[in-house]
1. F84 - would you say it is assigned to a strand (DSSP E or B), surrounded by 13 or more Cβ atoms within 10 Å (Cβ to Cβ) and in contact with a helix residue (DSSP H, G or I) (Cβ under 6 Å, 6 or more places away or on another chain)?
2. Show the residue pairs meeting these rules: Cβ distance below 7 Å; 6+ apart or different chains; first residue within segment 60-77 and under 18 Å from G127 (Cα atoms); second residue among the hydrophobic types (A, V, I, L, M, F, W, C) and assigned to a helix (DSSP H, G or I).
3. Looking at (1) in contact with a strand residue (DSSP E or B) (Cβ under 7 Å, 6 or more places away or on another chain); (2) touching a residue at least 40 places away in the same chain (Cβ under 8 Å); (3) within 29 Å of R41 (Cβ to Cβ), which is the one condition that is false for S92?
4. Which residues, taken from segment 87-133, are surrounded by fewer than 17 Cβ atoms within 10 Å (Cβ to Cβ), outside any loop (DSSP other than H, G, I, E, B) and of a type in the set (V, I, T)?
5. Kindly provide the set of residues from segment 55-79 that are touching a Ser or Thr at 6+ places or on another chain (Cβ under 9 Å) and either loosely packed, with under 13 Cβ neighbours inside 10 Å or in a strand (DSSP E or B) (or both), ordered by number.
6. Quick check: is even one residue across segment 18-27 part of a helix (DSSP H, G or I), touching a residue at least 40 places away in the same chain (Cβ under 8 Å) and over 21 Å from the mean Cα position of the chain (by Cα)?
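Every number here is computed from the coordinates shown, using simple stated rules; none is lab data. Worth saying up front: this structure is predicted, and the values here are computed from it rather than measured. Here Cβ is always computed from backbone atoms with ideal geometry, including for glycine, and neighbour counts include all displayed protein chains.
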Amino acid sequence: MGIKSLRGQSAVEFMILVGAVLVFMVAFFGALEANRADKLRESRENFLNDVALSVRDEVNLAYSASDGYEREFIVPNKAFGLEFNITFVGTSVYLRTIDGKYALAQPINNVTGEIKTGSNIIRKNNGLVYLNQ
């Protein structure tokens, strides 16, 4: 075996080693990106759930309060940069992002009125809970 043959073999082994390292790095960074995307999705879902739960808590608080209760509360306009709609559907508060990727519902007591993003005023009169009326 000559020196040229050994150098050629070393070059091939080096290229195989570099290729293996590149494959490992691509797989590693791909896994990191997938993990980051999962965490962002989970954070968005948790935030939307927190918004729905806070509305539910406001309604429950109004139901447990005496007549004459009135309070203003804020529903944020966006969740991690995503705009969403919030409505009452039957006895549930329903949130859905504009892009349709996230949606959830939380059960609530019966409320007269409509909810919106931004400022909302909830009050109780004659045993009934009113929102934005």
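1. In short, no.
2. Hits for this filter: Y69/A62.
3. Going through the list (1) in contact with a strand residue (DSSP E or B) (Cβ under 7 Å, 6 or more places away or on another chain); (2) touching a residue at least 40 places away in the same chain (Cβ under 8 Å); (3) within 29 Å of R41 (Cβ to Cβ), S92 breaks only (2).
4. Scanning segment 87-133 gives T87, V89, T112, I121.
5. Residues satisfying the conditions are E72, F73, I74, V75, N77, K78, A79.
6. Within segment 18-27, not a single residue is part of a helix (DSSP H, G or I), touching a residue at least 40 places away in the same chain (Cβ under 8 Å) and over 21 Å from the mean Cα position of the chain (by Cα).
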